[in-house]
């Protein structure tokens, strides 16, 4: 399905669904659009909402036990806004769930593929894969994945959980193929590239929306969103052809990549935001080592189960006293770690964020990397933010 020939043949020979089930514009209050609007609300940082696929298709995707589990997996887990630990013994957590991210990724993918003339059968295969691309995320999310990437990575475990829940049988109407979907999860081919892009768009828009809405009112993130209120419309610039995936507007793509880099710098990799996450991860690691829990349990259970494994309030109090050091050089970091002894909680390396400057910009009949379309100041700004957290991070309690 992902070969150049198959995309070309589908676009020119398959009958495509038309009518109220597949619309990209604002709709009137028909029964169908009302039902769909209850599932897909306005995309963050855009001016409009859009309706996607027939209601019966969407409910089939969302009403499985495997998808419902994502309703109980927090998107950002124990990552906190920068000043949250100063708010007492119950710091405010992010409230959005992994399912919201998965639905938006599927929503964006469907809209993009429909706009580019792909038929409904292929669109639905992509929607299913996008909706379940994080289904194997362990309880505790990304911080828990880092404990053992080989056994807990959601991409590696995708096929396993999809087969366990017999998803090929559930979605037999669309000739769903788990092996084909796994290749997209692995980033292979045109649809694999598109899945990676809608994943990035979805988590950036949602996480930034909730950061500004519920936690942050003055930082560089808020300033960025005030200056760029509709940067989320980047999905409209995507072109999908037999030759690959590209964007049509370099300035819009730059703004989106800048937003993503700012989120990595101010939230995802910010040590002040990660203290509670680091301590929770340490507790889970210790439980895995002593055999109290297994990797399979982490993949099968949800956050409520996980929280029973530790005293949350106690960890919050400890997080307030957790120290952090940043070291660029590995040898210096390891020497400092050895001197810290039992006080060391975590030593980890943060690589430079991949900027996305290799994403393709399409103009007329040719494509070239974004890096060739930006001025030197834009390149310097994006690279600087992307490298800001690169190095070795030590979390410890002083003796």
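Scanning the stretch 241-264 for residues that are without any contact (Cβ under 8 Å) to a residue 60 or more places away in the chain and in contact with a strand residue (DSSP E or B) (Cβ under 7 Å, 6 or more places away or on another chain) turns up nothing. In a residue-by-residue description of the stretch 41-64, the property of being exposed (fewer than 13 other Cβ atoms within 10 Å of the Cβ), over 23 Å from residue 162 (Cβ atoms), modelled with pLDDT of 60 or more and over 21 Å from the mean Cα position of the chain (by Cα) applies to at least one position. Consider only pairs whose beta carbons are under 6 Å apart and that are at least six residues apart or on different chains; among these, list those whose first residue lies in the stretch 323-341 and is in contact (Cβ under 8 Å) with a residue 12 or more places away in the chain and whose second residue is surrounded by fewer than 14 Cβ atoms within 10 Å (Cβ to Cβ). The qualifying pairs are 323/398.
Taking first residues from the stretch 265-287 that are at positive phi and partners that are in a helix (DSSP H, G or I) and crowded, with 18+ Cβ neighbours inside 10 Å, no Cβ contact under 8 Å between residues at least 6 apart in sequence or on separate chains turns up.
On the stretch given as the stretch 344-368, residues that are loosely packed, with under 15 Cβ neighbours inside 10 Å and either assigned to a strand (DSSP E or B) or in contact (Cβ under 8 Å) with a residue 12 or more places away in the chain (or both) total 9. For the stretch 216-230, a residue qualifies if it is modelled with pLDDT under 85 and touching a helix residue (DSSP H, G or I) at 6+ places or on another chain (Cβ under 9 Å), and the qualifying residues are 216, 219. The residues of the stretch 289-298 that are touching a helix residue (DSSP H, G or I) at 6+ places or on another chain (Cβ under 7 Å) and assigned to a helix (DSSP H, G or I), listed by number, are 295, 298.
Evaluation of residue 105 against the conditions (1) surrounded by fewer than 24 Cβ atoms within 10 Å (Cβ to Cβ); (2) under 25 Å from residue 267 (Cβ atoms); (3) out of contact with any strand residue (DSSP E or B) (no Cβ under 8 Å at 6 or more places or on another chain) shows that the sole unmet condition is (1).
The values are calculated or read from the model by the stated rules, or taken from the named source; none is laboratory data. What you see is a predicted model; the values in this text were computed from it and never measured. Cβ: placed from backbone, ideal geometry, glycine included. Neighbour counts: every protein chain shown.
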